[in-house]
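Asker: Before I ask anything, here is the structure I am working with.
The values are calculated or read from the model by the stated rules, or taken from the named source; none is laboratory data. Source: prediction; values computed, not measured. As a convention, Cβ positions derive from the backbone with ideal geometry for all residues, glycine included, and neighbour counts pool all protein chains shown. The area values use the complete protein model at the heavy-atom level, side chains included, leaving out ligands, DNA and RNA. Shrake-Rupley method; radii C 1.70, N 1.55, O 1.52, S 1.80 Å.
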Amino acid sequence: MGTRNYRRKTSHSEHGPGDGGRTGSWRVERPVLDQNLCTPCKRNKESCFICWLFCPEVVISRTIPPAFNLEYCKGCGICAEECPTKAITMVDEAKFSEEEKE
Amino acid sequence: MHIIENGNVAAALGVKLCRANVIAAYPITPQTPLTERLSEYVESGEMKAEYIPVESEHSALAVCIAASSAGARTFTATSANGLLYMHEQVQWASGARLPIVMCVVNRAVGAPWNVWNDQQDSISQRDTGWIQIYCSDHQQIIDTVIKAYWLAEKVSIPIMVCYDGYILSHTYMPFDLPDQEKVDAFLPPFKPEYALNPDQPANLNTVTLPDVRTDIHGELAHGYMEIRYLLQEDLRTTITAAAEAEKRFADIFGRVSDPHIEPYRCDDADFVAVGMGSLTYQLRVCVDALRNEGFRVGVMGVRYYRPFPDEAIAQAMKGKQGIIVFEKALSYGYEGALASDLKSALYEHLAGTGSLPAVQNFIAGIGGREIRTEDLTNTFRAALQSRISKEPLWIGLKL
């Protein structure tokens, strides 16, 4: 099954999740949250959310705990850089693929 | 109605008859009088279009790309270094499949600076995915502009209408000015498959990944490679669509011409000269002179350079003893690009048939060096005796 009958001959995308493709595959480092350091997690109150505010791809949820949508997270690391309590660590993706193999 | 005008005005009148909606251009010799004339038509209200003056050729084509994406019929024109400055947007327009028509008034490229005619500018844009059509006189210029809009919109591929600077752009010649009603019958209003619309927002030509993807409607959408393949596929079928454009044009205007090539006294010829643009009409004078001397020679103009009408050219050359390719451009480091393409077509269609004509390549008129008909005839005659050189020979070189 190919794209022969696709209705357009150009690159054309509409607003909606992932119409630019699954950009999560570009990621080489994954954000990992330590809930013991994350402000809304510790207080169990809607607060801080600086990671949500700064994420350029809008893949972090404004929830407790904040969740990362790894389908589209490119692994830029801005959330980890901006987190005032250093609750987010960027971890090499290779580590996860080894775990998935095991 | 027959009028006497110069080649640039012939092009401007063609654009006006086609009711282009948006014109954006930056002046460069020898194209300037063409866009000046269009700005006058817009200023006087004779033409209902937006004329957008820009600060560069790159911007001129960028404006056309945006306007065409919004569903407007667009026009621009340039020459030489202006075309080269546009190069990034040239690639963009074809990848985005926008039916922009652009006149390239052929001029030599710098360095060194030179404003005179050769065809290095458009030949250097050969691989950009545009259709390229070369004109040999004023009637062809105006007719080709009209046909180009129909064809570009039919196949969603932009077209360069190329004609020689000064030799055609600044000389006066009588030609038939088509009636507006007939042009309207030939060319319906532009109706794009998708036009930018705030009610249906879309991203056009954003980052397209190496692999295919599922779009938000759940359909499998092209990756970059599929989009590029379709451009190639559609350019190859443009050879057929061009024939359809010619037939449609002939039915309405009564002017019949071969869509891809323009042979003159080729049928019984042993040797055929091949070229593009006004040079091929000059070569007709040489052919007549050599025929009077008893040589069986002809000349064939190549009108479509991209897509390259390889089969039509090879069939026309079948059984010939030799082909002499005269070019006003060069693929530096090898030979004339037309000579290479022609040899490729001969190999593809005639290898193994026992008839593979020898090909001699001449380079002429670089940077506007005068091409004297007598020199051209003498060169042509000398090439009939035997193949002179494997390397392309430069006519009129004073080294």
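Asker: In Å, what Kirkwood hydrodynamic radius results for the protein assembly as shown from the alpha-carbon pair distances?
Answerer: Averaging 1/r across every pair of different Cα atoms and inverting gives 25.7 Å.
Asker: Calculate one ³J(HN,Hα) per residue across segment B:209-222 by plugging θ = phi - 60° into the Karplus curve 6.51 cos²θ - 1.76 cosθ + 1.60, and present them in order as whole Hz with x for glycine and proline.
Answerer: Karplus-based 3J(HN,Hα) across segment B:209-222 equals 6, x, 10, 5, 9, 8, 7, 5, 8, x, 8, 6, 9, 4 Hz.
Asker: For B:LEU196 and B:ARG372, what is the calculated FRET efficiency with R₀ set at 56 Å and r taken between the beta-carbons, to the nearest 0.05?
Answerer: Between B:LEU196 and B:ARG372 the formula returns 0.60.
Asker: Right, here's the next one. With a ≥ b ≥ c the root eigenvalues of the C-alpha gyration tensor of segment B:196-332, is it rounded (a/c under 1.5), prolate (a/b larger than b/c) or oblate?
Answerer: Prolate is the answer for segment B:196-332, as a/c is 1.5 or above and a/b outweighs b/c.
Asker: Another one. Hey, got a sec? Which GluC sites (Glu not before Pro) in segment B:112-213 land in a DSSP loop and have at most 12 other Cβ atoms within 10 Å?
Answerer: Answer by residue number: B:GLU193.
Asker: Just grab the label-to-label distance for B:ASN203 and A:LEU53, each label 7 Å out from Cα along the Cβ direction, in nm (one decimal).
Answerer: 2.5 nm
Asker: Quick one: which residues, 5+ away or cross-chain, put their amide H under 5 Å from the amide H of A:GLU29? H built at 1.01 Å from N.
Answerer: Sorted by chain and number, the residues that satisfy this are A:GLU93.
Asker: Let me ask something additional. Could you check how many percent of all C-alpha pairs in segment B:2-186 are farther apart than 23 Å?
Answerer: Within segment B:2-186, distances greater than 23 Å cover 32 percent of Cα pairs.
Asker: Report, to the nearest whole %, how much of the accessible area of segment B:204-356 belongs to carbon and sulfur atoms, 1.4 Å probe, protein only.
Answerer: Taking all protein chains in place, segment B:204-356 shows 52 percent carbon and sulfur surface.
Asker: Write out the GluC sites (Glu not before Pro) in segment B:55-144 meeting two conditions: DSSP loop, and at most 16 other Cβ atoms within 10 Å of their Cβ.
Answerer: Answer by residue number: B:GLU55.
Asker: Report, for segment B:257-333, the % of DSSP beta bridges that are antiparallel, rounded to 5.
Answerer: In segment B:257-333, approximately 30 percent of DSSP beta bridges are antiparallel ones.
Asker: In square nanometres and to one decimal, what's the mean projected area of the convex hull around the Cα atoms of segment B:261-394?
Answerer: 7.5 nm²
Asker: Specify the residue with the greatest mean-square fluctuation among B:LYS320, B:LYS247, B:LYS182, computed from a Gaussian network of chain B linking alpha-carbon atoms under 10 Å apart.
Answerer: Sorting by GNM fluctuation, first place goes to B:LYS182.
Asker: Counting only C-alpha contacts under 8 Å and six or more residues apart, can you give the relative contact order of segment B:241-399 as a whole percent?
Answerer: Worked out over segment B:241-399, it gives 22 percent.
Asker: Can you check what the net charge comes to around B:PHE186, using other residues whose Cβ is under 11 Å from the Cβ of B:PHE186 (Lys, Arg +1; Asp, Glu -1)?
Answerer: -2
Asker: For chain B, set up a GNM with springs between Cα atoms under 10 Å and report which of B:PRO189, B:PRO263, B:PRO201 has the largest fluctuation.
Answerer: Per the Cα network of chain B with a 10 Å cutoff, B:PRO201 tops the list.
Asker: At q = 0.08, 0.09, 0.10, 0.11 Å⁻¹, what base-10 log of I(q)/I(0) does the Debye formula yield for chain B when every alpha carbon is treated as an equal point scatterer in vacuo?
Answerer: Log-scaled intensity ratios, in q order: -0.42, -0.53, -0.66, -0.79.
Asker: Next question. Looking at segment B:2-186, what % of its DSSP beta bridges pair antiparallel, to the nearest 5?
Answerer: Of the beta bridges lying entirely in segment B:2-186, close to 20 percent run antiparallel.
Asker: So if R0 is 45 Å, what FRET efficiency would A:SER25 and B:SER389 give, r being the distance between their Cβ atoms, rounded to the nearest 0.05?
Answerer: Once rounded, the FRET efficiency stands at 0.25.
Asker: Using the Karplus curve 6.51 cos²θ - 1.76 cosθ + 1.60 with θ = phi - 60°, what ³J(HN,Hα) values do you get for each residue of segment B:356-373, in whole Hz, with x for Gly and Pro?
Answerer: Once θ is set to phi - 60°, the couplings for segment B:356-373 become 10, x, 6, 10, 10, 10, 10, 10, 9, x, 5, x, x, 3, 4, 9, 7, 4 Hz.
Asker: Per-residue ellipticity at 222 nm for chain B, helices alone: DSSP H runs ≥ 4 residues times -39500 (n - 2.57), over residue total, nearest 500 deg cm²/dmol?
Answerer: Counting only the DSSP helices, I get -12500 deg cm²/dmol.
Asker: Do any residues of segment B:204-243 lose at least 50 Å² of accessible area when the full set of protein chains is present rather than just their chain alone, and if so which, with a 1.4 Å probe?
Answerer: SASA drop of 50 Å² or more in segment B:204-243: B:LEU209, B:ARG213, B:ILE216, B:LEU220, B:HIS222.
Asker: Enumerate the amide H contacts of B:ALA70 below 5 Å, restricted to partners 5 or more residues apart or on another chain; note that Pro and chain-start residues carry no placed amide H.
Answerer: B:LEU196
Asker: Follow-up question, since we're still on this one. No other cysteine beta carbon under 4.7 Å away is the test; run it over chain A and list who passes.
Answerer: Lone cysteines by the Cβ rule: A:CYS48, A:CYS55, A:CYS73, A:CYS76, A:CYS83.
Asker: Of the GluC sites (Glu not before Pro) in segment B:205-270, which ones lie in a loop per DSSP and count no more than 16 other C-beta atoms within 10 Å?
Answerer: Those that pass, being in a loop and sparsely packed, are B:GLU219.
Asker: Evaluate the distance, in nm, between pseudo-label points positioned 7 Å from the Cα of B:MET225 and of B:TYR172 along their respective Cα→Cβ axes.
Answerer: Here the answer is 5.9 nm between the modelled labels.
Asker: Next question, about the same structure. Taking both sides together, what accessible area is buried at the B/A interface, probe 1.4 Å, expressed in Å² and rounded to the nearest 100?
Answerer: 2300 Å²
Asker: Right, another one. Would you mind telling me the antiparallel percentage of the DSSP bridges in chain B, rounded to 5?
Answerer: 25 percent
Asker: Summing -39500 (n - 2.57) over the DSSP H runs of n ≥ 4 in chain A and dividing by its residue number, what mean residue ellipticity at 222 nm do you reach, to the nearest 500 deg cm²/dmol?
Answerer: Using -39500 (n - 2.57) per qualifying helix, the result is -5500 deg cm²/dmol.
Asker: I need the phi-derived Karplus couplings for segment A:36-50: 6.51 cos²θ - 1.76 cosθ + 1.60, θ = phi - 60°, integer Hz, Gly and Pro marked x.
Answerer: Using θ = phi - 60°, the values come out as 6, 9, 5, 4, x, 5, 5, 8, 6, 9, 5, 7, 6, 6, 5 Hz.
Asker: What is the percent carbon and sulfur in the accessible area of segment B:2-186, measuring with a 1.4 Å probe over the protein chains and ignoring ligands?
Answerer: The computed percentage sits at 55.
Asker: Report the Stokes-Einstein translational diffusion coefficient (µm² s⁻¹, integer) for chain A, Rh taken as the Kirkwood radius over Cα pairs, at 25 °C with viscosity 0.890 mPa s.
Answerer: After rounding, the answer is 160 µm²/s.
Asker: Too long at a 25 Å Cα-Cα cut-off: which of A:LYS9/B:LYS147; B:LYS48/B:LYS154; B:LYS147/B:LYS320; B:LYS343/B:LYS398; A:LYS9/B:LYS247; A:LYS9/A:LYS74?
Answerer: Listed pairs above 25 Å: B:LYS147/B:LYS320; B:LYS343/B:LYS398; A:LYS9/B:LYS247; A:LYS9/A:LYS74.
Asker: Could you provide, to the nearest whole Å², the per residue accessible area of the protein assembly as shown with probe 1.4 Å?
Answerer: Heavy-atom accessible area per residue stands at 46 Å².
Asker: Now a separate question. So who's got an amide H within less than 5 Å of the one on B:VAL325, skipping anything under 5 residues away but keeping other chains? H placed 1.01 Å off N, in plane.
Answerer: For B:VAL325, whose amide H was placed from the backbone, the distant partners under 5 Å are B:VAL274, B:GLN360, B:ASN361, B:PHE362.
Asker: Separate question: Local charge sum around B:TYR166 (other residues, Cβ-Cβ under 12 Å, Lys/Arg +1, Asp/Glu -1)?
Answerer: -2
Asker: Using packing as a proxy for protection, rank A:69-79, B:270-280 so that the peptide with the highest average count of other Cβ atoms within 10 Å comes first.
Answerer: Averaged packing, sorted descending, gives the order B:270-280, A:69-79.
Asker: Right, next: Among A:GLU82, A:GLU14, A:GLU46, which one shows the biggest mean-square fluctuation in a GNM of chain A, springs joining Cα atoms closer than 10 Å?
Answerer: Maximum fluctuation in the GNM of chain A, among the listed residues, is at A:GLU14.
Asker: Please state the equivalent ellipsoid semi-axes for segment B:53-120: what are the square roots of 5 times the Cα gyration tensor eigenvalues, largest first, in whole Å?
Answerer: 24, 11, 10
Asker: For chain B, what is the relative contact order in percent, using Cα pairs closer than 8 Å and at least 6 residues apart in sequence?
Answerer: Value for chain B: 15 percent.
Asker: Next question. Over the Cα atoms of segment B:142-206, what radius of gyration and what Dmax do you get, in Å?
Answerer: Looking at segment B:142-206, its Cα Rg and Dmax stand at 16.7, 49 Å.
Asker: Report the net charge of residues surrounding B:PHE308, where surrounding means a beta-carbon distance below 13 angstrom and charges are Lys +1, Arg +1, Asp -1, Glu -1.
Answerer: After counting each charged neighbour, the total is 0.
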